[in-house]
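Data first, discussion second: the structure below is written as structure tokens.
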Amino acid sequence: TAVKEGAISVMKDAGIDISTFTSDAMADFNPEDFDVVISCCGCGGKLDGDKEVWKKRPVFQDWNLDDPPAIDPGDLSAYRRVRDESKAKVLELLDMLSKPYGPQYRKNVMFLCNHNSCRSQMADGWLRQLRGNASVGVASAGIVGGTAVKEGAISVMKDAGIDISTFTSDAMADFNPEDFDVVISCCGCGGKLDGDKEVWKKRPVFQDWNLDDPPAIDPGDLSAYRRVRDESKAKVLELLDMLSKPYGPQYRKNVMFLCNHNSCRSQMADGWLRQLRGNASVGVASAGIVGGTAVKEGA
């Protein structure tokens, strides 16, 4: 339709000019171009049928803001209130998107060690560096609590071209296990995850890498730090390879579609599941019982 004059006016009062904004149709856009979709009006229920794909982007939220044109008494007070509520929600959204992990990523990894001072910090740095365009979020924390990032870890990671000097040393208690799909114990300290901490071991994927502790064994030349740095890189690469597959332990359920030669029916079913699973934690693969040939052009 057109941008409401009331909206233009109250945004101008806040120092923002939206007078040149155009009023466009959702049909003119491709949902695949967007990572986050926000329904501002509580209208998520209207996104059904062929529109439902908009709700299946990595992040979908329904803010359910009031409709100023419908309720404003004529003094623009409703417009101003909704303007300010919108600002608060946008700030929350930007804070979420600024984090290296969260619902904006398809998978999230937590690296744990005792104090989040060395091994988990190096793994965290490697994953941020190596993930490329993969939608994998990452955080690291200390099971006992955070202290400070070891200078030796900072130094050897810098030698590898990765700056972790600004990373903070955080406590596991400051995070919610439900936010992570993969939990890695870097130090063989999975045994400390008992009692109320055991929930961390019950995420879809839990691994205990049991890396040596450089501060405890380094002879003073950083050789232990370098070795563990390189071992950590190799393990992070293996982890990213696993997470890149359309099936595996990172999914709660995995489906295999079989047919004789994996050339038609199983391929179509495989394609449909990848398209329709949305955010459901369902992995998928397809294969031929007799053997593979080629996907039929007709399919």
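The values are calculated or read from the model by the stated rules, or taken from the named source; none is laboratory data. What you see is a predicted model, and the numbers here were worked out from it, not measured in a lab. Backbone-built Cβ (ideal geometry, glycine too); neighbour counts: all protein chains shown. These accessible areas exclude ligands, DNA and RNA; they are computed on the full protein's heavy atoms, side chains included. Shrake-Rupley method; radii C 1.70, N 1.55, O 1.52, S 1.80 Å.
Look at the range 88-106: where a residue is on the phi > 0 side of the Ramachandran plot and a partner is open to solvent by less than 50 Å² (accessible area, probe 1.4 Å) and outside any helix (DSSP H, G or I), sitting 6+ places away or on another chain with Cβ atoms under 6 Å, you get Gly102/Gly137.
Here is a yes/no grid of residues against (1) surrounded by 12 or more Cβ atoms within 10 Å (Cβ to Cβ); (2) touching a Ser or Thr at 6+ places or on another chain (Cβ under 9 Å):
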site: Phe21; (1), (2): yes, no
site: Ala27; (1), (2): no, no
site: Asp35; (1), (2): yes, yes
site: Ser39; (1), (2): yes, no
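In the range 212-249, how many are acidic (Asp, Glu) and assigned to a helix (DSSP H, G or I)?
To start, the set of residues in the range 212-249 that are acidic (Asp, Glu) comprises 212-213, 218, 221, 230-231, 238, 241.
With assigned to a helix (DSSP H, G or I) added as a condition, the list becomes 230-231, 238, 241.
Qualifying residue count for the region: 4.
Screening Asp163 on (1) open to solvent by 40 Å² or more (accessible area, probe 1.4 Å); (2) within 21 Å of the chain's Cα centre (by Cα); (3) charged (D, E, K, R) shows it passes everything except condition (2).
Among the residues making up the range 156-210, those that are of a type in the set (Gly, Ala, Ser) and assigned to a loop (DSSP other than H, G, I, E, B) are Ala160, Gly161, Ser165, Ser169, Gly188. Considering only residues that are of a type outside the set (Ser, Thr, Tyr) and closer than 11 Å to Ala14 by Cβ, look in the range 70-89 and name the one that is least open to solvent (accessible area, probe 1.4 Å). Checked the range 70-89; the qualifying residue least open to solvent (accessible area, probe 1.4 Å) is Arg83. Annotation: Gly271 fulfils all but one of (1) touching a helix residue (DSSP H, G or I) at 6+ places or on another chain (Cβ under 9 Å); (2) under 30 Å from Val138 (Cα atoms); (3) of a type outside the set (Phe, Trp, Tyr); the unmet one is (1). When Ala299, Ala280, Ala287 are screened for being free of Cβ contacts under 8 Å to residues at least 24 places away in the same chain and either under 17 Å from the mean Cα position of the chain (by Cα) or open to solvent by less than 80 Å² (accessible area, probe 1.4 Å) (or both), only Ala280 passes.
When the range 128-140 is limited to residues that are out of contact with any Phe, Trp or Tyr (no Cβ under 7 Å at 6 or more places or on another chain) and over 16 Å from Thr168 (Cβ atoms), the one that is surrounded by the fewest Cβ atoms within 10 Å (Cβ to Cβ) turns out to be Asn133.
Listed here are the residues, each with its yes/no results for (1) open to solvent by 60 Å² or more (accessible area, probe 1.4 Å); (2) on the phi < 0 side of the Ramachandran plot; (3) in contact with a Gly (Cβ under 8 Å, 6 or more places away or on another chain); (4) of a type outside the set (Val, Ile, Thr).
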site: Glu151; (1), (2), (3), (4): yes, yes, no, yes
site: Phe167; (1), (2), (3), (4): no, yes, yes, yes
site: Gly190; (1), (2), (3), (4): no, yes, no, yes
site: Pro214; (1), (2), (3), (4): no, yes, yes, yes
site: Arg227; (1), (2), (3), (4): yes, yes, no, yes
site: Ser232; (1), (2), (3), (4): no, yes, no, yes
site: Leu237; (1), (2), (3), (4): yes, yes, no, yes
site: Leu240; (1), (2), (3), (4): no, yes, no, yes
site: Lys245; (1), (2), (3), (4): yes, yes, yes, yes
